[in-house]
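**Student:** Sharing a structure, written as structure tokens. Questions coming.
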Amino acid sequence: MAGILLSHTEKVYITHGVKNEYRSDGRSNIDYRPMELETDVVSHASGSARLRLANTDILVGVKTEIDVPKPDKPGLGKIEFFVDCSANATPEFEGRGGEQLANSISNIMLRAYQSAQAFNLKQLCIFEGKQCWKLYIDILILECGGNLCDAVSLAVKAALFNTRIPFVKAALMDGGNVDLQLSDDPFDSKWLDVGSAPLLVTLCRIGEKCVVDPTAEEESCSLVSLIVGVTGNPKYYNDYEDEEELPAFEAKCSVISMHGPGSVSPQNLRDAINQGIIAAVCLDEALGKTLFRERRDTEQFKRHSYGFLK
Amino acid sequence: MPLDYKRFNGPEDSVSYKRFTADYLKSYDELHSELIDETGHRKDGRAMDEARPMYVRGNFVSQAKGSSYIEMRGTKVVCSVFDPREIVHQNEFSTVGLLFCEVKFAPFACKRQRQSHVPDSEEKALSVALRKAVGPTVCCQLFANFQIDIFVYIIESDGSCLAAAITAAGLALANAAVPMFDVVTASSVAIIGDKIFIDPTEDEEHLAMISPDTNTNHGVITMARLNGLMQIADFRQIGSLDIECILKVTDILEQECQKVFPKIQKTLVGYVKNGIMEQKRLSEEGKAREAKLKDKMLEWRSSIVNNSV
Amino acid sequence: MDEEGTEKICIPGMRLSTLQGHSSGQGTYVKDGYIFAALSGILKTEEDNKVIKLSVVSLITPSILPKAGDIVTAKVNVVNSRQVQCVILCTGQTILTRPYKGIIKKEDIQLKYKDGIDPYKCFRPGDIVLAKVLPTTELHWYHLSTEDNELGVIIATAEGSPPGVSMIPINWSMMQCPKTLVKELRKVARVVPENINEALLPLHFNQDDESLLLNK
């Protein structure tokens, strides 16, 4: 993101290292840097999460509202993404500078969540044709250190995992109108089923190979990057007592997009997609285990809450 | 749909009459069975792997530097390209030029709803996709600090709009004599289950975006390819597809993009040939006129000399 | 006459030749040791020091911008005490489809007497000038210079004269209108007439009233 100036020799050094699957900080081509994740940081949102990935800091808040479903999709709820690139992140985002980037990120998130196999909107239906839940997912980029799409998708999945949808107690039909009753108890709610929500992986093409989670120096060596959105495995996000109860899982791509002024060869494209899927599957497993552990700690009152103090 | 407050808009809660027709209430399975008939052909009579015949023409808009028109049965796309102009709101010096792409639907272009005059998110996304696809082809370093405008207007949309727009933009840029690295062609594919529809119509695309209840593949993939350099300029997928399907479709799309290329090539060569013939004709006419003028001048000169004598 | 035999037609991305013994001219680019065409047009080959220079000539004006060192034809818009603003109409031999803005600074008008020069005595709005493009210093304005003898005003109309009557140069800093006989100060360009025999012809042909003027 920032204007890093690299000499030609440094770029050659990075390119040769990537060719041998060895990067300047010792990672392999599909390793991520360590991340910190915390959910439930914003008390007024139905669900929230904060993710720090090296220099990138993302805060996601999920708000739920009751809305009328679309006439051609009466049994489905709605979901909307808003990305806000604040001027805190970099001075380039001042005024309307960050608008293009915000639009492109919200666009790709919308496409990733479009298929029912990625996120089933049926779970947001209250009364078919009359009332449904609408989720507003607000993504705030607090600090921009490269690799935004990955961090945003992780934070969104974590926030959705943390989202509580209140139980609708009664839905009376009163002359065509629906009367809803929700209880006052904030814990009388259900969790969303986000096991299959997609995770985006950005692969930067450097030379003939692609790297995952590039640093700013590596990003300035690359002309084109590929974004692959892979659906998640519900196994890690639910408490299944019996392993055989689960249907066989196969990771699927829910969105693929290219970014940058360059082009790729067909072989590059194939390798990159394969790499992206492998990286996403590992990431998904790690995220699921972390989120599950956090939820268990919260239920047993063992969790320390740091919020923004760390 | 965002409203354009400078125009008089219809009542806000008006709804398309099509919502009350029998067509609207058809279920997913009914629509799916309609797409392919018993002989394995699609609704418009094509085979599964057959693309629609394409009509390609350049020099369509006389006021633009370069333009093109592409028609694939129901999809009709016009593209105009203009000379480099100063970048508006430019703050810093840059060593490369910019491409400004805008894709617009005509209000009567889509069959499902009326498109508003204000660009909505779909048009903006298409503009970004077009810029990504056409960006690698143009020699941007030759017009630093300036931008080249590419305007695509979709007159009628029946599936594969982005692919048609990219091909039209590539042809219009070549028609405008903008220095390019290569000619770009694009094609798209819709996947429903294990059926692959090449060059899908709007009905096929619409159904491919909806997921059936089971975990089957569904989606739409669009690819833009640089033919001489054999590189992929843009690859866009939406839906839910597994990896083998994507890899198989990548091969199919490459072949489809390659099939479009000879038409573009033929059009460009045709225009150069016409240009050469036109130049020859003009120079011959010019010489004939000059010869006539010379004769007249000699005639007058001799008449003046005769009169003064 | 078979034009496919005499002229080679190229389209962008077509591989023309290897770099050995060839160099890339206008309308082509080099990649991976090969020369490719960048425009659609006719291939032109020129011998240049035993190296064949390949260039692609497009039938319509290519979308390129004037660059430093080009000689451009511009029309003067605004004359100021510090600079002259003009609109660039042609680059070299090609007419531009979209005009660009240019500026001639006071110091770049002529070689001598740079301090005491008055731009109003060198150019007037409406004049057509030949100028050279200087290296870019500002974003969207081209800096031009008319320092050389061959650069300066080509066509100008005197104030008060009927339109279409262009002045004839008397010396390097003055022009005279043939109809009203008014003399005006301009920085005149030393342009060699194309057909030098016409200057020696005894009779002139006046475009306006199609009558003949006897040369004095």
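The values are calculated or read from the model by the stated rules, or taken from the named source; none is laboratory data. These figures come from a predicted structure and were not determined experimentally. In this analysis, Cβ positions are derived from the backbone assuming ideal geometry, glycine residues included, and neighbour counts consider all displayed protein chains. These accessible areas exclude ligands, DNA and RNA; they are computed on the full protein's heavy atoms, side chains included. Shrake-Rupley method; radii C 1.70, N 1.55, O 1.52, S 1.80 Å.
**Student:** Considering only segment A:56-96, state which residues are open to solvent by 60 Å² or more (accessible area, probe 1.4 Å), within 14 Å of another protein chain (Cβ to nearest Cβ) and over 21 Å from the mean Cα position of the chain (by Cα).
**Tutor:** Once the filter is applied, which keeps residues that are open to solvent by 60 Å² or more (accessible area, probe 1.4 Å), within 14 Å of another protein chain (Cβ to nearest Cβ) and over 21 Å from the mean Cα position of the chain (by Cα), segment A:56-96 yields A:Val68, A:Lys70, A:Pro71, A:Asp72, A:Lys73, A:Pro91, A:Glu92, A:Glu94, A:Gly95, A:Arg96.
**Student:** Something else about it: Taking interchain pairs and intrachain pairs at least six residues apart, which have beta carbon atoms under 9 angstrom, with the first residue in segment C:15-41 and within 14 Å of chain B (Cβ to nearest Cβ) and the second open to solvent by 20 Å² or more (accessible area, probe 1.4 Å) and among the acidic types (Asp, Glu)?
**Tutor:** C:Gly25/C:Glu46; C:Gly25/C:Asp48
**Student:** Related question: Given the criterion open to solvent by 30 Å² or more (accessible area, probe 1.4 Å), of a type in the set (A, V, I, L, M, F, W, C) and closer than 23 Å to A:Phe167 by Cα, identify the matching residue among A:Leu110, A:Leu101, A:Leu121.
**Tutor:** So the residue among A:Leu110, A:Leu101, A:Leu121 that is open to solvent by 30 Å² or more (accessible area, probe 1.4 Å), of a type in the set (A, V, I, L, M, F, W, C) and closer than 23 Å to A:Phe167 by Cα is A:Leu121.
**Student:** Do you know which residues across segment B:265-280 are more than 8 Å from every other protein chain (Cβ to nearest Cβ) and either at pLDDT 95 or above or touching a Ser or Thr at 6+ places or on another chain (Cβ under 9 Å) (or both)?
**Tutor:** The answer is B:Thr267, and nothing else.
**Student:** Which pairs do you get when a residue that is in the same structural domain as C:Met174 (by TED's automatic domain parsing), found in segment C:110-131, comes within reach of a residue that is assigned to a loop (DSSP other than H, G, I, E, B) and of a type in the set (Phe, Trp, Tyr), reach meaning Cβ atoms under 7 angstrom, with the pair 6+ apart or on two chains?
**Tutor:** C:Val129/C:Phe123
**Student:** Please state which one of B:Gly219, B:Gly286 is touching a Cys at 6+ places or on another chain (Cβ under 9 Å) and away from chain C (no Cβ under 14 Å).
**Tutor:** Residue meeting the stated conditions: B:Gly219.
**Student:** Could you please find all residues in segment C:64-108 being in contact (Cβ under 8 Å) with a residue 40 or more places away in the chain, more than 18 Å from C:Leu139 (Cβ to Cβ) and open to solvent by 60 Å² or more (accessible area, probe 1.4 Å)?
**Tutor:** Once the filter is applied, which keeps residues that are in contact (Cβ under 8 Å) with a residue 40 or more places away in the chain, more than 18 Å from C:Leu139 (Cβ to Cβ) and open to solvent by 60 Å² or more (accessible area, probe 1.4 Å), segment C:64-108 yields C:Ile71, C:Lys75, C:Asn77, C:Val78.
**Student:** Taking the criterion of being open to solvent by 10 Å² or more (accessible area, probe 1.4 Å), among the basic types (Lys, Arg) and assigned to a strand (DSSP E or B), would at least one residue in segment B:247-256 satisfy it?
**Tutor:** no
**Student:** Take B:Gly159 and decide whether it is assigned to a loop (DSSP other than H, G, I, E, B) and either within 18 Å of the chain's Cα centre (by Cα) or among the aliphatic types (A, V, I, L, M) (or both).
**Tutor:** yes
**Student:** Here's a follow-up. Suppose the filter is farther than 26 Å from A:Ile126 by Cα and either open to solvent by 40 Å² or more (accessible area, probe 1.4 Å) or more than 21 Å from the chain's Cα centre (by Cα) (or both); does A:Leu154 pass it?
**Tutor:** Here the answer is no, as A:Leu154 does not meet what is asked.
**Student:** Continuing with the same structure: Checking the conditions here, which among B:Asp251, B:Asp234 is of a type in the set (Asp, Glu) and within 7 Å of another protein chain (Cβ to nearest Cβ)?
**Tutor:** From the options B:Asp251, B:Asp234, the qualifying one is B:Asp234.
**Student:** Another question, if that's okay. Going through segment A:182-199 one residue at a time, which ones are among the acidic types (Asp, Glu) and either without any contact (Cβ under 8 Å) to a residue 24 or more places away in the chain or open to solvent by less than 10 Å² (accessible area, probe 1.4 Å) (or both)?
**Tutor:** Once the filter is applied, which keeps residues that are among the acidic types (Asp, Glu) and either without any contact (Cβ under 8 Å) to a residue 24 or more places away in the chain or open to solvent by less than 10 Å² (accessible area, probe 1.4 Å) (or both), segment A:182-199 yields A:Asp184, A:Asp185, A:Asp188.
**Student:** With (1) touching a Gly at 6+ places or on another chain (Cβ under 6 Å); (2) more than 19 Å from A:Ala216 (Cα to Cα) as the list, and A:Leu37 as the residue in question, which single condition is left unmet?
**Tutor:** (1)
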